[in-house]
Amino acid sequence: METVKQLSLFLENKPGHVYSICKALGDAGINIYTLTLADTAQFGILRLIVEDAESSKALLEKEGFIVNIADVLAVRIDNQPGRLAQVAEILNKEGINVEYVYAFANRHIFLYRVDDTEKAYQKLISNGFCVLSSHELFNTNK
C-alpha cells in the first residue's frame with residue numbers, strides 16, 4: 001500500500017508559530033511541499049507534507065512543538081467535472097469516512113486522510129485511480 005507521511009502540529013493560535021515552523025524546516029534544508037492550516041479561536045492544526053517526516057518531526061519537537069505523523073493517500077485526480085465525486089462515491093459505498101482532504105495546487109493531487117487507509121487504497125486502485133507513493137509524489141513535476 002502506498003501512503004504519504006503527513007505531519008500534524010497542534011498550535012496555540014498566536015502570531016509567529018507558523019513562521020517558526022517554516023523557518024526551522026527551511027534552515028534545516030527541508031522543503032514543505034504543501035500545507036493546510038485549520039484554526040479555532042485558541043488552537044490550530046497545521047498539516048504539512050515534507051520529504052522526510054521522521055527527521056522533520058524530531059526537529060520540530062526539539063523546537064517545542066507537539067507533532068504527530070499520519071498516513072494520507074495522495075490521489076491523482078483528473079481535472080474533469082465529477083472526478084472528485086467519483087472518489088467520494090467509492091469511499092462512501094465502502095463506508096470509509098473522509099476525515100479531511102486538501103490538494104497540491106495545480107497538480108491535480110489530493111491528499112485524503114480516511115479512517116480505513118488500506119481499504120480506501122485498494123478500492124481507489126481497483127477503480128482506476130492513481131495513488132502515489134512518497135517517491136512518486138516528491139519526484140513528479142519538479
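Every number in this text was worked out from the coordinates using simple rules, so none of it is lab data. These numbers come from a predicted model, not from an experiment. A quick note on method: Cβ atoms are made from the backbone with ideal geometry, for glycine too, and the neighbour counts reach across all protein chains shown.
Ordering I109, Q42, A74 by Cα displacement along the dipole of the chain toward the positive end leaves I109 in first place; charges were set at the Cβ atoms of Lys, Arg (+1) and Asp, Glu (-1).
Remark: the A28-N139 segment gains 38.0 nm on full extension, using 0.36 nm per residue and subtracting the alpha carbon distance.
Remark on V98: its backbone amide H falls under 5 Å from none of the residues 5 or more positions apart or on other chains, H modelled at 1.01 Å from N.
For region 83-90, 3J(HN,Hα) computed residue by residue from phi via the Karplus equation (6.51, -1.76, 1.60; θ = phi - 60°) reads 5, 5, 5, 5, 4, 4, 5, 4 Hz, glycine and proline entered as x.
Here N92 and I45 are evaluated by their C-beta separation; at R0 = 25 Å the FRET efficiency comes out at 0.55. In the chain, helices alone account for a calculated mean residue ellipticity at 222 nm of -9500 deg cm²/dmol, with every DSSP H run of four or more residues adding -39,500 (n - 2.57).
Charge dipole of the chain (Cα centre as origin; +1 on each Lys and Arg Cβ, -1 on each Asp and Glu Cβ, all else neutral): 300 debye, rounded to the nearest 20. When the Cα atoms of region 4-69 are aligned to their principal axes, the ranges along those axes come out at 31, 22, 17 Å in descending order.
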